[in-house]
Structure formats: structure tokens, C-alpha cells
1. Going through 330, 348, 296 one at a time, which residue ends up being outside any loop (DSSP other than H, G, I, E, B) and touching a helix residue (DSSP H, G or I) at 6+ places or on another chain (Cβ under 7 Å)?
2. Give the number of residues within the stretch 406-418 that are over 17 Å from residue 272 (Cβ atoms) and surrounded by fewer than 24 Cβ atoms within 10 Å (Cβ to Cβ).
3. Which condition breaks for residue 540 when tested against (1) touching a helix residue (DSSP H, G or I) at 6+ places or on another chain (Cβ under 7 Å); (2) over 20 Å from residue 118 (Cβ atoms); (3) assigned to a loop (DSSP other than H, G, I, E, B)?
4. Taking residue 98 and the conditions (1) surrounded by 24 or more Cβ atoms within 10 Å (Cβ to Cβ); (2) in a helix (DSSP H, G or I); (3) in contact with a strand residue (DSSP E or B) (Cβ under 9 Å, 6 or more places away or on another chain), which numbered condition does it fall short on, given that it satisfies the others?
5. I need the strands (runs of 3 or more DSSP E) fully contained in the stretch 379-491, keeping only those with at least 1 residues that are touching a helix residue (DSSP H, G or I) at 6+ places or on another chain (Cβ under 6 Å) and at pLDDT 95 or above.
6. Among the listed residues 47, 24, 42, identify the single one that is farther than 27 Å from residue 147 by Cβ, out of contact with any helix residue (DSSP H, G or I) (no Cβ under 7 Å at 6 or more places or on another chain) and buried (at least 16 other Cβ atoms within 10 Å of the Cβ).
7. Among the residues in the stretch 121-132, are any surrounded by fewer than 24 Cβ atoms within 10 Å (Cβ to Cβ) and at pLDDT below 95?
8. Please state which one of 201, 208 is surrounded by fewer than 20 Cβ atoms within 10 Å (Cβ to Cβ), in contact (Cβ under 8 Å) with a residue 24 or more places away in the chain and in contact with a helix residue (DSSP H, G or I) (Cβ under 6 Å, 6 or more places away or on another chain).
């Protein structure tokens with residue numbers, strides 16, 4: 001089904017594979033007549049070409065990228081624009097789309113959601129942007145329909161910013177990276193490696209794009225095969241897939257932890273742009289005659305069966321047939337994995353075995369939604385499977401969210417909406433809620449199957465700290481419909497007799513023309529920005545001092561810590577325009593004591609900044625100072641005091657900058673980790689002035705509650721030193737244990753951002 005080529009390979013004319021090895025170059029030359037080498041052949045990937053076109057440096061190994069377009073949604077754009085305004089924003093230099101698809105229900109916290117929307121509309125007018133009102137489209141569907149272009153690059157403040165199937169290299173990052181683009185700065189990274197996703201064959205009947213995506217994720221997530229790399233989709237199998245099918249696979253590449261994606265383009269993609277009335281955006285993309293890839297994921301589409309990602313991660317994959325054949329054994333494994341994901345919380349009794357009736361697994365809810373599931377073809381094929389059937393009048397429910405109003409309109413016109421409603425399904429407007437816990441939260445102990453992007457713990461909206469637990473399994477819309485046709489019994493779409501009608505899609509551009517505000521390139525500086533009472537400025541942040549004293553206030557030994565665990569999604573998203581308000585939720589589902597501990601330490605730093613008694617603010621610091629002074633002469637007035645968290649591998653999942661900024665708002669100055677799950681989370685730490693320390697193993701010299709002196713940290717940052725000496729100060733010991741932290745690769749700009757205390761300070765210093 002899927003084979004990994006780990007040592008790299010040459011691909012000839014986009015089809016023939018020559019594995020890297022001592023005789024590979026000779027074999028390539030004998031087959032093509034082309035004399036080449038690995039470095040030259042690496043320049044023949046589509047990714048290299050696009051990155052080269054957007055690189056503003058004179059060095060392709062150290063990229064400084066400027067993107068063509070930007071996109072954000074309503075739980076990120078307020079913070080981004082507020083940061084940019086504080087840093088000197090005058091107008092949007094490139095098209096910047098502000099969509100409203102996360103807090104679009106306007107259902108939490110009084111006026112605060114709609115206040116954010118009005119802020120966005122007023123900023124689109126003032127700075128020259130595009131504003132997509134609530135319920136019109138989810139962020140990524142609008143980008144596919146109206147922004148993507150072959151050979152273009154788009155940066156979005158959402159981790160699933162992926163438009164590679166349409167020939168667009170797109171990346172999802174935290175808000176500060178968009179701020180840099182808004183201020184005409186660059187996205188700075190080392191040139192990423194490129195891995196070919198070589199597709200061959202044709203999918204079986206009933207197998208959808210989510211099935212293919214989950215199979216790939218299962219093969220590459222745990223081994224980090226494509227981490228921070230570009231996935232380049234090639235092979236004869238690509239051309240056997242519709243545009244919607246390719247899009248459905250592509251959006252899920254985020255769950256592999258790759259950096260971005262790009263696909264070969266062909267007449268199918270040309271038709272997509274023609275249908276969406278933007279034919280000028282199409283051009284053929286394909287790798288050169290001899291292209292070198294740093295690895296290959298070989299995918300035989302004909303061997304992939306309907307898949308399911310069991311709780312609590314998209315990589316926890318099985319075929320549906322496997323689950324049904326080995327039900328109790330697999331549920332045992334799910335329970336064991338859940339104990340890790342739920343941190344062995346003794347207040348939660350987690351099991352799916354009560355969902356087994358007469359040897360069959362029954363689910364409580366089905367969801368087909370958002371940027372992954374809400375596409376035209378997915379919903380049409382779900383309707384074909386359900387036609388003439390009904391979902392029953394018991395616990396099972398089915399909810400369907402078309403990804404945009406144009407998609408909804410065509411489903412109305414071709415009758416599929418009527419067909420689905422007649423089955424008992426409900427149809428909703430374009431909304432991302434089921435994906436991040438703000439819509440259709442299951443009942444306690446509920447089990448939901450979703451064609452959406454993630455199934456992390458509590459991602460569906462339950463609250464462990466309130467004794468609630470529910471769980472999500474990821475599946476394709478076709479098998480969700482098959483399960484619905486069997487009134488909740490887990491069913492593979494391969495086991496349903498259906499004729500897929502495959503209706504043609506017609507895009508109604510008037511829907512957007514009549515409703516979307518398009519002020520791109522036409523700023524109106526006289527416009528007054530509308531602020532609601534929940535929209536707050538970022539608090540002042542101080543520059544890094546010579547030495548640093550930090551206290552461990554949370555210690556997490558889970559194999560991976562997601563951004564959902566660092567700052568929960570769901571209703572907390574309504575506070576993302578309020579840095580202080582949102583910070584109160586930090587780690588609330590993983591470590592409810594974190595906020596109190598961090599704020600207690602923060603009192604000392606507040607006193608230091610104000611020239612007040614640090615020891616009066618935090619009495620325990622007196623002993624810490626005393627122990628330090630037995631070895632070092634430090635300047636207390638010039639030594640920051642803050643907190644840090646330890647996690648083995650933090651930052652998987654969402655691009656949300658608040659996973660880092662909330663820690664900083666509470667006085668956090670560092671993370672210590674064995675590694676960082678994603679580039680984007682590490683970048684968020686840096687952009688908020690936090691030190692991204694690394695420590696090589698889990699045998700820690702410190703524990704929760706210990707203080708650490710990081711000596712000469714400013715010197716290390718300024719003078720490009722990777723290693724930093726640190727000293728553990730334990731309350732029950734008179735000695736300090738020395739150990740070494742490393743900083744990892746940092747660009748010159750990143751070092752200066754950390755030195756200044758955050759990105760806002762960095763830009764202020766340049767503008768003063």
C-alpha cells in the first residue's frame with residue numbers, strides 16, 4: 001500500500017525511480033543521457049522552483065521568502081493586526097483575506113465575537129484588505145476558490161493552509177510570521193528538504209481522499225519522515241484523481257508535520273480554475289526530467305481501503321475492516337493510548353467498549369465538515385450512499401457543513417441537500433466549529449466519527465477538568481455516510497452498494513461579488529477601526545537581561561504535547577482578542593495549576609521592573625538569590641525572573657501563536673524540550689521572545705518547582721553561541737547542579753527578536 005524510500009532517490013520524467021546509491025548517477029545517465037548530481041537534480045523539483053521565485057536573498061540555502069497573499073480567520077486576525085499596528089503598519093502590502101469561520105456563531109461571551117468581525121471589516125477598509133463575512137466560507141475553501149494560483153505562495157495563520165493540489169505552495173504559521181509579511185519583511189528558513197509522494201493506480205470504489213490521507217499520515221507521522229519538509233505529489237496516480245479528491249488529501253498533509261506541499265498540475269486543475277473563472281491562474285507544473293528527492297513515499301492508490309484514525313491522533317490509523325475484525329483488541333489499544341493522552345487522569349474513566357453491541361461498534365454522531373470534509377464531491381457521494389435510506393430516530397445524528405456558500409448553492413440546485421435532509425441529516429452553514437470544539441460537541445462518553453482534520457483529546461469540545469470525556473475518530477465522508485445508512489454501526493463504504501452519480505460542479509461567483517468586501521490595494525486610511533471591549537492591546541514585554549532565573553511551573557512527559565493542550569480551543573477561542581483573558585486558560589486541560597504557579601512567579605518580575613522589592617513579592621526568591629551568590633555575582637536588578645514549562649515534544653497541531661504568547665503574558669521566558677513538534681510552534685516561541693531551549697533526554701536535572709539560573713544567556717543569544725550553562729537551584733539542597741541547554745539554529749533576526757523581548761519590541765526598535 002505505502003512504501004518509504006528513506007535514502008533519497010532520483011525520479012526520471014516524473015515516473016521512473018532510481019534509488020540513491022554509489023551507482024545511481026551512472027544509472028541516471030544511462031537511462032536519460034543526462035549527466036547530473038544530487039545538488040543539481042534537487043533544483044528540478046517543483047518546490048525548488050517556486051521557492052526560488054519567492055526568495056529575496058542571494059542564497060537558496062538561507063531563504064528569505066515573500067508571499068503573494070495572506071489569509072487569516074476570526075480567532076487570529078485581531079491579534080495579528082494589533083501586533084502589526086503596534087509595529088508600524090500603514091497598509092496591507094499584499095492581498096490579505098480576513099475570513100470569519102471560527103467564531104461565526106457569535107454564541108459565546110455576549111458581543112465579543114461580532115465585535116471581532118467588525119474590527120476585521122474596519123481594518124480591511126482602513127488597510128486595504130478582503131473581508132469575508134461569517135457563514136460565507138471556511139478559510140481554506142475561500143482561498144482555494146479565490147486566492148490560489150499555480151506557482152504562487154500563500155501564508156495563512158491556520159495550520160491547514162494547504163493549497164498544493166492547486167499548484168500553490170502554502171504554509172500555516174503563527175500570527176507573528178504574517179505580521180512580518182504585513183511589514184514587508186520576510187519568512188526566513190533554511191531550504192527545506194523535499195520528499196516525493198509518488199502516487200500510482202486508481203482508488204477503489206468507496207475509498208475517498210481522507211482514506212488516502214490517513215494511510216499516508218499513519219506511515220510517516222511517528223517516524224518524522226516528512227517533518228518540516230515539503231511533500232511533492234507526483235506520479236501517474238495523481239492524474240487519476242479529481243481536483244476535489246486531491247484537495248482532500250492535500251489539506252491533511254498538515255497532520256504529517258510537513259512544512260508545505262505541492263502537486264503536479266494538469267488539465268483537471270486547469271478545469272478547476274476555468275470553473276472558478278480565474279483561468280489566468282493556471283499553469284502546468286511538473287518536476288524536471290531528472291529530479292532528486294530526499295525521500296519517497298510510494299503510494300499505490302488501488303491498495304488503500306477505507307480507513308479510520310482512532311482516538312486520539314490522526315496517525316492512530318487502521319482500516320475499518322481491521323477494526324471490525326479485531327474489535328476488542330483494538331479498543332484495548334485505544335484505551336491504553338488514551339491513558340497517555342489523558343495523562344492518566346484518575347477522574348476520567350475512558351472506554352469505547354460500551355459502544356459494542358452484539359459484536360458491532362456503534363457510534364453516536366457523524367460529521368462531514370470544514371476544509372477537509374465539506375467539499376462538493378464528498379457531500380455528493382455521501383448523498384448517493386444515503387439516498388433512499390434514513391439515519392434513524394435514536395442517538396445517532398449526522399450533521400453536514402458545506403465548505404462555502406457557492407458549494408451550498410450548487411448542492412441545493414442539484415438536489416443533494418434535499419436528499420440529505422430527507423435522510424434525517426441536518427445541513428449547516430460554512431463553519432469550522434466541529435473541527436476545533438465549538439460545534440456539535442457530543443454527549444459525555446460520546447463517540448463521533450468526523451471527516452475533519454483532527455481528533456486530539458477534547459478537540460471535540462469536552463472538558464476533562466469538568467469530568468467530561470468524548471472522542472473523535474477520523475473517517476472519510478463516504479464511510480461516514482455508510483455508517484449513517486446503518487444507523488450508526490461502523491461500516492466501510494466498500495460494503496455499500498451504490499452508484500456514484502458524479503454531478504458536475506458550477507461555481508456561482510455572484511455569491512461572493514454580492515457580499516464580500518474587496519478592498520485589496522485600495523486602503524482607506526481615514527477609516528476608524530472599531531474596537532469592542534474585549535479587544536485588548538498586548539501587554540508590555542521587557543528585553544532579555546544578562547542572566548535569567550526561571551522556575552519550572554509545569555512538567556509534561558507525554559510523548560507529544562499539542563497546541564490544544566497548551567491553550568485549549570473551543571469556547572476559549574472567543575478570548576483570543578484579549579491576551580490577558582485568554583491566558584487564564586493556558587494548560588487548563590493538561591495542568592490546571594499552571595496559571596496560578598506562573599502568576600505567582602510573575603509577581604517577582606513585576607516588582608523588579610517597577611523597582612520594588614522582589615523578595616517581598618516572592619519570598620522564596622530570597623533563598624534562590626542566596627544560593628546563586630555562593631557561586632556567582634549577579635546583578636539582581638538586571639536579572640529577569642520568570643517561569644518555563646518542560647515538555648518532551650511540544651507544539652503538534654494548530655499554528656495558533658497563543659500557545660506561546662499566553663505563556664509569555666503570564667511571565668514565561670522559555671520552553672525546555674527534547675525536540676519541538678513543529679517549526680511553527682518553535683517560531684511562535686521565538687517571536688514572543690521566549691527561549692526555545694533543548695535538552696537531549698528525559699532524565700532531567702530539575703523537576704517541577706525547581707528554579708534554574710541560566711547564566712550569561714544574553715551573551716549566548718547575541719554572540720551566536722548554541723550552548724548555554726544552566727544551574728538547578730533546589731529548595732532541599734545547598735549546591736547547584738550544572739547542566740547544558742542548547743538553543744538550536746537561530747537566524748540573526750530571531751536572535752535579535754529574543755534579545756528585544758518579542759517581535760513588537762524588535763520592530764519598535766527599528767522604527768525609533
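The values are calculated or read from the model by the stated rules, or taken from the named source; none is laboratory data. These figures come from a predicted structure and were not determined experimentally. Every residue, glycine among them, receives a Cβ derived from its backbone with ideal geometry; neighbour counts consider all protein chains shown.
1. Selected residue: 330, the only one of 330, 348, 296 that is outside any loop (DSSP other than H, G, I, E, B) and touching a helix residue (DSSP H, G or I) at 6+ places or on another chain (Cβ under 7 Å).
2. Step one: list which residues in the stretch 406-418 are over 17 Å from residue 272 (Cβ atoms), which gives 408-409, 411-418.
This time we only want the ones that are surrounded by fewer than 24 Cβ atoms within 10 Å (Cβ to Cβ), so: 409, 411-415, 417-418.
Count: 8.
3. (1)
4. It is condition (2) that residue 98 fails.
5. On the way: elements: 397-400, 447-451, 471-474.
It comes to 397-400, 447-451.
6. Going through 47, 24, 42 in turn, just one is farther than 27 Å from residue 147 by Cβ, out of contact with any helix residue (DSSP H, G or I) (no Cβ under 7 Å at 6 or more places or on another chain) and buried (at least 16 other Cβ atoms within 10 Å of the Cβ): 24.
7. no
8. The conditions single out 201.
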